[in-house]
1. Do you know which of the residues in the stretch 51-65 that are assigned to a loop (DSSP other than H, G, I, E, B) and within 25 Å of residue 77 (Cβ to Cβ) is farthest from the chain's Cα centre (by Cα)?
2. Those residues that are under 15 Å from the mean Cα position of the chain (by Cα) and within 14 Å of residue 73 (Cα to Cα), I need them from the stretch 1-50; list them, please.
3. Select from the stretch 1-36 the residues that are in contact with a helix residue (DSSP H, G or I) (Cβ under 8 Å, 6 or more places away or on another chain) and not in a helix (DSSP H, G or I) and write down the one among them that is modelled with the lowest pLDDT.
4. Please enumerate the residues belonging to the stretch 37-62 that are loosely packed, with under 11 Cβ neighbours inside 10 Å and modelled with pLDDT of 85 or more.
5. How about the stretch 66-85: which of its residues are part of a strand (DSSP E or B) and surrounded by fewer than 14 Cβ atoms within 10 Å (Cβ to Cβ)?
6. Pairs under 6 Å by beta carbon, first residue at negative phi and in contact (Cβ under 8 Å) with a residue 24 or more places away in the chain in the stretch 69-81, partner in a strand (DSSP E or B) and surrounded by fewer than 12 Cβ atoms within 10 Å (Cβ to Cβ), six or more apart or different chains?
């Protein structure tokens, strides 16, 4: 396409056919993940000890659920059940 018509037809093709995908992919650029946000909020008053730990697993290998825990200076802040380890 580029060789036949130059850059402008390629640009129009991409914008016309990939507009939704581009918008979706760029929607969350620059946003921080929840662990980073939590860590920044907890560290606002200085150095702290934050621990993330998988404390349990349930279910068969093809449908595993993980129980994650977050501690702040030794105190449990939350336990959550998730289907993917990277969500924990």
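1. Residue satisfying both the conditions and the ranking: 59.
2. Correct list: 38, 39.
3. Checked the stretch 1-36; the qualifying residue modelled with the lowest pLDDT is 32.
4. Within the stretch 37-62, 40, 41, 44, 46, 47, 49, 58, 59, 60, 61, 62 qualify.
5. Result: 75, 76, 77, 78, 79, 80, 81.
6. If the second residue must be in a strand (DSSP E or B) and surrounded by fewer than 12 Cβ atoms within 10 Å (Cβ to Cβ), the pairs left are 70/78.
The values are calculated or read from the model by the stated rules, or taken from the named source; none is laboratory data. Predicted model, so just to flag it, every value in this text is computed and none were measured. Here Cβ is always computed from backbone atoms with ideal geometry, including for glycine, and neighbour counts include all displayed protein chains.
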